[in-house]
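For reference, the structure discussed in these notes is given below.
The numbers here are math on the coordinates, done by the rules we state, and not lab data. Just so you know, these numbers come straight off a predicted model, no measurement behind them. In this analysis, Cβ positions are derived from the backbone assuming ideal geometry, glycine residues included, and neighbour counts consider all displayed protein chains.
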Amino acid sequence: MKQDEKNALNGVGKAFIALGLVLLGIKLDLLGLGSPSEYFRWEMIFAFFAILALFNLNLVLSVIFFAIGAYFLMPDMNIVLPEIIKNIFWPSLLVLAGIEFMLKPWRCRSNTQKK
């Protein structure tokens, strides 16, 4: 039996940990945005879901969520991307998402065969 099936509150615990890490980053001003009200914007939703995906050991999805959130937060953090990165950002993100969707059924099949 998988760990998630044993403990029904496992997902709730992961959500609380992710929320706590996001709030810790806000209090410590890790992104350099300034006041805490600057952190409560729609871009931070991607950071929250990225942390949740990381706890579920879904690395590709976590990278995708972090990349989307960081892309939209960069102007506020005074980070300037080189032109080549701006040109390949969205296409490479779409390729990563496509690979994730293609590999997901394969991973699920290999996990069910182990049982």
Query raised in the report: Based on the mean of other beta carbon atoms within 10 Å per residue, what is the order of 67-73, 9-15, most packed first?
Result: 67-73, 9-15
Report summary line: By the mean-Cβ-within-10 Å protection proxy, highest first, 52-65, 17-30 rank as 52-65, 17-30
**Report entry** Geometric extent, Cα atoms of the stretch 3-81 - Rg, Dmax (angstrom)
**Finding:** 13.8, 46
**Report entry** Least to most buried among Glu83, Glu43 (fewest other Cβ within 10 Å first)
**Finding:** Glu83, Glu43
